[in-house]
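Shown next, in C-alpha cells, is the structure this report addresses.
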Amino acid sequence: MARGRAPGYDEQRDTILARAAELFAQQGSSATSMKQIAAACGLSKATLYHYFRDKESMLARIAEAHVLRLHAVLAEVDALGGPPQARLRELIARFVHEYAGAQHAHRVLTEDVKFLGNAERERVLAIERELVSGFAGVMVELRPDLAAAQLAKPMTMLLFGMINWMFTWMRPEGPLDHAALAPLVADLFLGGLPAVSLPTATARRTENLAETPT
C-alpha cells in the first residue's frame, strides 16, 4: 500500500516554492543551488528532494502557477461582461494587483522561463498566448479596425510592456504603489488608443512578433 502524504505536506511545498521564487528572483535560477533553497526553508537537502526532484521542477511550478492565476483573472473579468473599455480597465487593474502580490514569481516568469525544458516551457507559453489573445480580443472590440490591420496583438504587447516590467523600476519606498499606478496605465493606454493611426502597410508581419508578453 502506498504511503500517504504527511499532514502539512502541501503547505510545506508552498513554502518551498515561495522561498525558491525569492532566491530565483534575487540571483537567477541558474545561480541558485538546491543547498541554498534548503537552507532558506530550514530543511536538509534530503528533505527538500522529498518535495521536488530538482530546481527545474520548482521553476516550472512557480511559472505555471503564476500564469494560471493570471488566466483565472482573465476568465473572471470576461465573465463579468460589460463594455470593452470597462473590461480592459478591470483587466489592467487586476493584472497589476496580481503582479504586486507575486513579484518574485513574476520576475521568475519574465527572466527564467527560458531555462525550462521544452515541454514545461511550452505549457507556460501556451497559457501566455491565451492571455495575449484575451487582451487582443478586447482591443478589437474597442477598435475593430485593428483586426484587419493585424495590430490587435502588437497593441496588446505594447500594453504588456507597460505593466510587465514595473518591477524593474518601482521602489517599495517610492511615492507610488501598484494600486496607484494601475489607473494611470489604463488612462494612458485608453487615452492613446483612439488616436492610433493605422499604417498604410504593416511594417512587420504578426508572425514575426514574439508570441508572449514576456
Can you confirm whether PRO154 is out of contact with any His (no Cβ under 7 Å at 6 or more places or on another chain) and at pLDDT below 90?
no
If LYS114 passes every condition in (1) within 27 Å of ASP54 (Cα to Cα); (2) crowded, with 16+ Cβ neighbours inside 10 Å; (3) of a type outside the set (Phe, Trp, Tyr) but one, which one does it miss?
(2)
Output yes when any residue across region 4-13 is of a type in the set (Asp, Glu) and in contact (Cβ under 8 Å) with a residue 24 or more places away in the chain, and no when none is.
no
Which of (1) crowded, with 20+ Cβ neighbours inside 10 Å; (2) closer than 24 Å to LEU176 by Cα; (3) touching a His at 6+ places or on another chain (Cβ under 6 Å); (4) not basic (Lys, Arg) does ALA100 not meet, given it meets every other one?
(1)
Here are MET162, MET157: which of them is assigned to a helix (DSSP H, G or I), out of contact with any Lys or Arg (no Cβ under 7 Å at 6 or more places or on another chain), closer than 18 Å to LEU70 by Cα and without any contact (Cβ under 8 Å) to a residue 40 or more places away in the chain?
MET162
Consider ALA147 carefully, then state whether it is without any contact (Cβ under 8 Å) to a residue 12 or more places away in the chain, under 30 Å from MET58 (Cβ atoms) and assigned to a helix (DSSP H, G or I).
no
Being of a type outside the set (Phe, Trp, Tyr) and over 24 Å from the mean Cα position of the chain (by Cα) narrows ALA20, ALA72, ALA39, ALA63 down to just ALA39
Which numbered condition ILE37 misses (of (1) touching a Phe, Trp or Tyr at 6+ places or on another chain (Cβ under 7 Å); (2) over 30 Å from ALA179 (Cα atoms); (3) surrounded by 19 or more Cβ atoms within 10 Å (Cβ to Cβ)):
(1)
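The values are calculated or read from the model by the stated rules, or taken from the named source; none is laboratory data. Quantities reported herein were computed from a predicted structural model and do not represent experimental measurements. Positions of Cβ are generated from backbone atoms using ideal geometry, with glycine treated the same way; all protein chains shown enter the neighbour counts.
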